[in-house]
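Input: a single structure, listed below in structure tokens.
Read-outs: derived from the displayed coordinates by stated rules, not from any lab. The shown structure was predicted, so the numbers you read here are calculated from the model rather than taken from an experiment. Reconstructed Cβ throughout: ideal geometry from the backbone, glycine too, with neighbour counts over all protein chains shown.
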Amino acid sequence: MEYQDIIFSKENKIGIVQINRPEFMNALTMELLKELAHVFEEMEKDEEINAVVLTGVEKAFSAGFDMPSVMSLGENKSAGLKIIEESFLNILKFPLPVIAAVSGPALAAGFDLMVMADIRVMSETAKVGQPEIRWALTPLSDPLWKIIGMGRAKEVTMTGRIYGAEEAREMGLANYVYPRESYLEEAKKLAQRIAAFEREALKANKEQTNRVPGMEVQSAIRTQLWTFRNFVGSEAMCSRMQAFLESNKNKG
């Protein structure tokens, strides 16, 4: 598939996906969302990719839905909502770590897209929020509340406030904040550190981290130990531990 509104590249075991509508502050159209859904499907099949960086070109992550696209949804709501759902879920359920690198506005649907990632790296210029209430619309509160807690999620969704990067970090929404000149490189460095780990272990780690919060404690511990059992004693584990021991021996 040839992409018109996103740019895809690979670099050191990471996939880099850039939203590419800078003249519209990277606003999301239905065609762009179809491209996002497709690229995440393709990356899942690519065994050379162990982590993903999702970002926007130039000055914005995404200012939200392209307004004409939203207004036209009334003509065929079911088809449009299916496209939105598929694109968001393909990111949320992507089996390997996804890092959102955010600069400038990440608002409304752009905010929701950012929240689908596992980790968020922001520039000091980031402006994030869910202003849908201003347009008589309802935003997504899940998975937001799982990241920042129900009280803060209600504040974000009910007030329509726009938050700066430092406020986002204080509430647990931003994992890291960097100057605009370096935020994307820092996000790539983080992705590359993660991508250096074993692919199957990364997948199992993400799957269980997403799965256990809804379980009662005994079931959660049992599930995590079962996952651990599948990897302990593996060839990958032994080779990495042996390399670590050899490295420490040489230092001594």
Kirkwood hydrodynamic radius over Cα pairs of the range 199-250, then Stokes diffusion coefficient at 37 °C and 0.692 mPa s, in µm²/s: 262
Local electrostatic count at Pro22 - Lys and Arg +1, Asp and Glu -1, tallied over other residues with Cβ under 9 Å: 0
Set the bar at 29 Å for Cα to Cα. Now go through Lys154/Lys189; Lys93/Lys127; Lys45/Lys127; Lys146/Lys189; Lys82/Lys203 and name every pair that lies beyond it. Lys154/Lys189; Lys45/Lys127
Under 1.5 on a/c is rounded, so check that first for the range 156-240, then, if it is not, pick prolate when a/b is larger than b/c and oblate when it is not; a ≥ b ≥ c are the square roots of the alpha carbon gyration tensor eigenvalues. oblate
Distance between the range 30-52 and the range 158-203 - C-alpha centres, whole angstrom: 19
Using r as the Cβ-Cβ distance of Asp46 and Ser239, and R0 as 22 Å, what FRET efficiency do you calculate, to the nearest 0.05? 0.40
Using only the Cα atoms of the range 43-116, build the gyration tensor, take square roots of its eigenvalues as a ≥ b ≥ c, and label the shape rounded, prolate or oblate: rounded if a/c is under 1.5, else prolate if a/b is larger than b/c, else oblate. oblate
For the range 6-196, with +1 on Lys and Arg beta carbons and -1 on Asp and Glu, the positive-most of Thr125, Pro95, Val17 along the dipole: Thr125
Would you please give the FRET efficiency between Thr223 and Ser72, computed as 1/(1 + (r/R0)^6) with r the Cβ-Cβ distance and R0 = 41 Å, to the nearest 0.05? 0.40
Mind checking the full-extension length gain between Met215 and Arg180? Use 0.36 nm per residue of separation minus the Cα-Cα distance, one decimal, nm. 8.6 nm
Mean separation of Cα contacts under 8 Å, 6 or more apart, over the residue count of the range 144-252: relative contact order %: 13
According to a simple spin-label model (label point 7 Å from Cα along Cα-to-Cβ), what is the distance in nm between Ile147 and Glu11? 2.2
Per the C-alpha gyration tensor (a ≥ b ≥ c, the square roots of its eigenvalues), the range 76-136 is rounded if a/c is under 1.5, else prolate if a/b beats b/c, else oblate; here it's oblate
Over the range 6-196, what is the relative contact order in percent, taking alpha-carbon pairs closer than 8 angstrom and at least six residues apart? 22
